[in-house]
Amino acid sequence: MAAYPPADEGHVPVLLNETLAALALTPGADVIDGTLGGAGHAEAILQAIAPTGRLLGLDADPAAVARARMRLAPFGERAILAQANFDQMRIVAGAYRLAPAAILLDLGLSSYQLAGDDRGFSFLSAGPLDMRFNPAAGRSAADLVNTLDEVELADLIFRYGEERFSRRIARALVTARPLSEARVVAAVIARATGGRHERIHPATRTFQALRIAVNDELGALERVLPQALDLLQIAGRLVVISFHSLEDRLVKQFMQREASDCICPPRLPVCVCGHRARLRLSVKKPIAATEAEVSRNPRSRSAHLRVAEKIA
């Protein structure tokens, strides 16, 4: 299990006040947090829905669930925690007979995962290049780096990392094989790109791409959004916090589609799809962190919060 810092250190929930306002919580409500992470949002939600409201918290990372269990122990049976990817939300919520009034998805990595050395999420990590949220499932990032051919690896880095130097990076990684340590991989990438000077480390986009591929993050997001909409009560809120454009684009497109009475191609003269809006967009543009929050928590700089209300 991951060796993370104590529960009260290293974790700052992003857009906490904005998230609580968007969820529109009331005492006694049931809520699903599909991405427990450090449990900062979950703790605040449980306080807001006291004294009887329940929170179902999911996370694919067993270490995150263990940490959340300790942090949320004071809430007793009102905190229901399960180790599961959020694309299993329908099954898990059904087992506990939850009809949530609000659902939160805080995508991406937690501070603890970045700080831990055991799975190589950070390009500064001396640990193995693993990157699996659930270390017992699927292929590691090292498997991908060491077995994909150069073209496949370049395509992966470009598709999920939007990295314009993807081919140069893939060629360098293939040449340097075998690779197993995260910071060694980061050094190979930095050399391949000439250690270019940008706001972010030259390995950032490649590490993002490998993590997304290893955990099928975009596929899981596409699968969970319809489930969340089906599970929500009427007037329930769906709140999603994303940290890069690929996630945000999927969320935006889903919400816009489900907020439309017709999704036919524009060229058709009359509607033939029969689609009816099930969501109302609560905000037209995503909510971003304030300058004050960014100064306290630089990770919040790229956060975008979208919120919609179920109407049917």
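Could you please find all residues in segment 148-169 being within 25 Å of Leu250 (Cβ to Cβ) and either small (Gly, Ala, Ser) or open to solvent by 20 Å² or more (accessible area, probe 1.4 Å) (or both)?
Across segment 148-169, the qualifying residues are Leu148, Glu152, Ala154, Asp155, Phe158, Arg159, Tyr160, Gly161, Glu162, Arg164, Phe165, Ser166.
Restricting to segment 261-289, what's the tally of residues that are more than 25 Å from the chain's Cα centre (by Cα) and closer than 19 Å to Val307 by Cβ? Outline the logic, then answer.
Filtering segment 261-289 down to residues more than 25 Å from the chain's Cα centre (by Cα) leaves 261-277.
So of that shortlist, the ones also closer than 19 Å to Val307 by Cβ come out as 277.
Residues in segment 261-289 being more than 25 Å from the chain's Cα centre (by Cα) and closer than 19 Å to Val307 by Cβ: 1 in total.
Within segment 170-182, can you find the residues that are surrounded by fewer than 21 Cβ atoms within 10 Å (Cβ to Cβ) and assigned to a helix (DSSP H, G or I)? Reasoning before the result, please.
First, the residues of segment 170-182 that are surrounded by fewer than 21 Cβ atoms within 10 Å (Cβ to Cβ): 171-172, 174-181.
The answer is Arg171, Ala172, Val174, Thr175, Ala176.
Search segment 232-244 for residues that are touching a residue at least 24 places away in the same chain (Cβ under 8 Å) and within 12 Å of Ala308 (Cα to Cα) and pair each with any residue that is open to solvent by 30 Å² or more (accessible area, probe 1.4 Å) and of a type in the set (S, T, N, Q) when their beta-carbon atoms are under 8 Å apart and the residues are at least 6 apart or on different chains.
What qualifies is Arg237/Ser282.
Please specify each residue of segment 140-169 satisfying the condition of being hydrophobic (A, V, I, L, M, F, W, C), under 22 Å from Leu218 (Cα atoms) and not in a loop (DSSP other than H, G, I, E, B).
Ala141, Ala142, Leu144, Val145, Val151, Leu153, Ala154, Leu156, Ile157, Phe158
Of (1) open to solvent by less than 50 Å² (accessible area, probe 1.4 Å); (2) in contact with a strand residue (DSSP E or B) (Cβ under 8 Å, 6 or more places away or on another chain), Arg237 satisfies all except one. Which?
(1)
Can you tell me which residues in segment 260-312 are of a type in the set (Lys, Arg) and open to solvent by less than 80 Å² (accessible area, probe 1.4 Å)?
The first filter runs over segment 260-312 and keeps only residues of a type in the set (Lys, Arg), leaving 267, 276, 278, 280, 284-285, 296, 299, 301, 306, 310.
Arg278, Arg299, Arg306, Lys310 - these are the residues of segment 260-312 that are of a type in the set (Lys, Arg) and open to solvent by less than 80 Å² (accessible area, probe 1.4 Å).
Can you pull out the residues in segment 201-212 that are within 13 Å of the chain's Cα centre (by Cα) and open to solvent by 10 Å² or more (accessible area, probe 1.4 Å)?
Step one: of segment 201-212, the residues within 13 Å of the chain's Cα centre (by Cα) are 208, 211-212.
Within segment 201-212, Gln208, Arg211 meet the criteria.
Would you mind stating whether Ala172 is at pLDDT 95 or above and under 27 Å from the mean Cα position of the chain (by Cα)? Even if it seems obvious, please write down each step before you answer.
Numbers: at pLDDT 95 or above: yes; under 27 Å from the mean Cα position of the chain (by Cα): no.
Spelling it out, it is not the case that Ala172 is at pLDDT 95 or above and under 27 Å from the mean Cα position of the chain (by Cα).
Consider Ile200 carefully, then state whether it is hydrophobic (A, V, I, L, M, F, W, C) and either over 30 Å from Lys310 (Cβ atoms) or at pLDDT below 95 (or both). Talk me through it step by step, then tell me what you get.
Working: hydrophobic (A, V, I, L, M, F, W, C): yes; either over 30 Å from Lys310 (Cβ atoms) or at pLDDT below 95 (or both): yes.
When the stated conditions are applied, Ile200 passes them.
Can you find a residue in segment 265-279 that is touching a strand residue (DSSP E or B) at 6+ places or on another chain (Cβ under 9 Å), touching a residue at least 12 places away in the same chain (Cβ under 8 Å) and under 15 Å from Ala102 (Cβ atoms)? Give the derivation first.
At the first step, the residues of segment 265-279 found to be touching a strand residue (DSSP E or B) at 6+ places or on another chain (Cβ under 9 Å) are 278-279.
So of that shortlist, the ones also touching a residue at least 12 places away in the same chain (Cβ under 8 Å) come out as 278-279.
Applying the additional criterion that residues be under 15 Å from Ala102 (Cβ atoms) yields 279.
Yes, there is a match, as at least one residue in segment 265-279 is touching a strand residue (DSSP E or B) at 6+ places or on another chain (Cβ under 9 Å), touching a residue at least 12 places away in the same chain (Cβ under 8 Å) and under 15 Å from Ala102 (Cβ atoms).
Condition check: more than 11 Å from Thr206 (Cβ to Cβ), in contact with a helix residue (DSSP H, G or I) (Cβ under 6 Å, 6 or more places away or on another chain) and touching a residue at least 24 places away in the same chain (Cβ under 8 Å). Does Glu150 satisfy that? Can you show your working first?
Working: more than 11 Å from Thr206 (Cβ to Cβ): yes; in contact with a helix residue (DSSP H, G or I) (Cβ under 6 Å, 6 or more places away or on another chain): yes; touching a residue at least 24 places away in the same chain (Cβ under 8 Å): yes.
Criteria met by Glu150.
The values are calculated or read from the model by the stated rules, or taken from the named source; none is laboratory data. A quick note: this is a predicted structure, and the numbers were derived from the prediction, not measured. Neighbour counts are summed over all protein chains in view; Cβ atoms, including those assigned to glycine, are modelled from backbone coordinates with ideal geometry. Please note that ligands, DNA and RNA were not included when accessible areas were found on the heavy atoms of the full protein model with its side chains. Shrake-Rupley method; radii C 1.70, N 1.55, O 1.52, S 1.80 Å.
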